[in-house]
Amino acid sequence: MQGRTSEEKGDVFTLLERIKNDDREAFRELVSLYQKRIFLLAFSFFHNREDAMDIVQETFMRLHQKIHTFREGENFKSWIFQVAKNLCIDHYRKNHSKRKEWGGEQNLEEMNLPSENSDNSHQSLDLKMIFSRCLEKLAERQRMVFVLKHYNQLKYREIAEVLNISPGTVKSLHFKAVQNLRGFISPYLGRVQ
Amino acid sequence: MKECKKINKDLVAFLYGELLGERQQFVSSHLEECSSCQREIDKLKEVHAGADSLNEDIKAVMASVDWETLPAQITDTVFGKEVQETKESWVLGISRILFQPKLRPVYAALLVGVFLGALFTYILIRPPLQRQDRESLISYPPGFIEKVELEMARRETLDYLKKSQYLILDFVQTSTEAETSTWQRDFASQKVKELLSKKKYINQQLDKFKMAKAKEICNQIEFLIYELAQLSDEIPAWRLQEIHDFIEEKQLLLKIKLLEKELKQSEKSEV
């Protein structure tokens, strides 16, 4: 596993050097390597396909613009996640107020919760909706830590690099995120299960 | 109980496998013994399961994306945009140089120069105004031009009469003193030509304003001047006498005085 990671790192650095010389093919290869991870991060953050696709494209555009600022020895994965994370936060801040104005954020109480006679597929659907809404209610940093940990399966150390904070702070933010989610979700758990 | 409080803080990290080996083992052993902490971890697992419920959506959406073509699309967009930005930056660079604030006075001066140049060029090359145009530009009261021209004709005639009078008097005096040859040379060279040409000019004026009496006298003077112009150095006495007789017969000097007086009076009466 360690050997594969080193090999991948070596490949990435080679690709980066080629991209610095305006090699389109190298850029395409780099996109192939990281597109899914960036998409996963963005989609788990927004739960919206179009937003996630925008973030993927914007991330690689930003990467191309700032490629010369990347220094050998830095963790590229953390670097590109950092770019994507910043874009997610910017996008969220830009659109969050709009969604509120348009009434796009539905309260949990207003949601169509299942009746006792509902079948399992409906229950499952509503659990997703409830959890999705609960996730949106989290504070920005807690939400980002939770998403990076749960869906992108990064280590605390890696999240710390992406968010430029200490691993202890990551652990604390993750704890608070899970506790808050538990607080948000617990009133509804008995009704959907 | 104190230990449970410490362990509770690590439960989330434990659930996600983030504790170091020994601590992970310790928490695991504690959970087997402590029902309170066990309930706590069960609740956290519910949250974990809730989060996992979104995995299906994520998988479905991930499957809907064409990962094969996306890299090429993104590459085209990024490199296409770069070319466009390069062009835009080139244009922006030039425009920044051309329209920098410190060049504004230069452009203002150029603009003023072009405006003045155009104005002078227009003044220099425009077609000259026709007489009609000029007249249309300046308006005079009716009859003003005629009055001015009449006054000028009168003055010219007076001037002609005065000079002719002097000339005749000069001739009359010098011819009687036998200095004809000297007089003739001066006379021929200076005054005759002047008076003859002046007569041609006032003829038109006299005709125009119907000054018949003045014209008749002026014609007699002109005849006399022609006679004087033909005089040679050796003038016979009888010829001089003839001219003297003509002057006396026609009473030219008297007529000139009377005409002068008349013209002056008519000037005063009009004023």
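The values are calculated or read from the model by the stated rules, or taken from the named source; none is laboratory data. Bear in mind that the values here come from a model prediction, so they are computed numbers and not experimental data. Glycine also receives a Cβ, built like all others from the backbone with ideal geometry; neighbour counts cover every protein chain displayed.
The table that follows gives values for the structure above.
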item	result
Residues of segment A:44-55 that turn out to be free of Cβ contacts under 8 Å to residues at least 24 places away in the same chain and either facing chain B (nearest Cβ under 10 Å) or of a type in the set (Val, Ile, Thr) (or both), as a count	4
Residue within segment B:25-48 that is within 7 Å of chain A (Cβ to nearest Cβ), surrounded by fewer than 16 Cβ atoms within 10 Å (Cβ to Cβ) and touching a Phe, Trp or Tyr at 6+ places or on another chain (Cβ under 9 Å) present	no
Test: residue in segment B:160-171 that is modelled with pLDDT of 80 or more, in the same structural domain as B:Ile243 (by TED's automatic domain parsing), closer than 30 Å to B:Pro236 by Cα and among the aromatic types (Phe, Trp, Tyr)	yes
Single match in B:Ile58, B:Ile74, B:Ile97 (criterion: assigned to a helix (DSSP H, G or I) and farther than 24 Å from A:Ile55 by Cα)	B:Ile97
Output for segment B:84-143, where each listed residue is within 30 Å of A:Gln65 (Cα to Cα) and at pLDDT 85 or above	none
Test result for A:Leu30, among the hydrophobic types (A, V, I, L, M, F, W, C), in contact with a helix residue (DSSP H, G or I) (Cβ under 9 Å, 6 or more places away or on another chain), within 14 Å of chain B (Cβ to nearest Cβ) and without any contact (Cβ under 8 Å) to a residue 40 or more places away in the chain	yes
Test result for B:Lys59, within 11 Å of chain A (Cβ to nearest Cβ) and among the basic types (Lys, Arg)	yes
Residues that are outside any helix (DSSP H, G or I) and within 11 Å of another protein chain (Cβ to nearest Cβ), drawn from segment A:139-156	A:Tyr151, A:Asn152, A:Gln153, A:Leu154, A:Lys155
Any hit, segment A:185-193, residues being of a type in the set (Phe, Trp, Tyr), touching a helix residue (DSSP H, G or I) at 6+ places or on another chain (Cβ under 7 Å) and more than 9 Å from chain B (Cβ to nearest Cβ)	yes
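For (1) of a type in the set (D, E, K, R); (2) closer than 23 Å to A:Gly183 by Cα, each residue gets a yes or a no:
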position: B:Ile7; (1), (2): no, yes
position: B:Leu15; (1), (2): no, yes
position: B:Phe26; (1), (2): no, no
position: B:His30; (1), (2): no, no
position: B:Asp42; (1), (2): yes, yes
position: B:Glu46; (1), (2): yes, yes
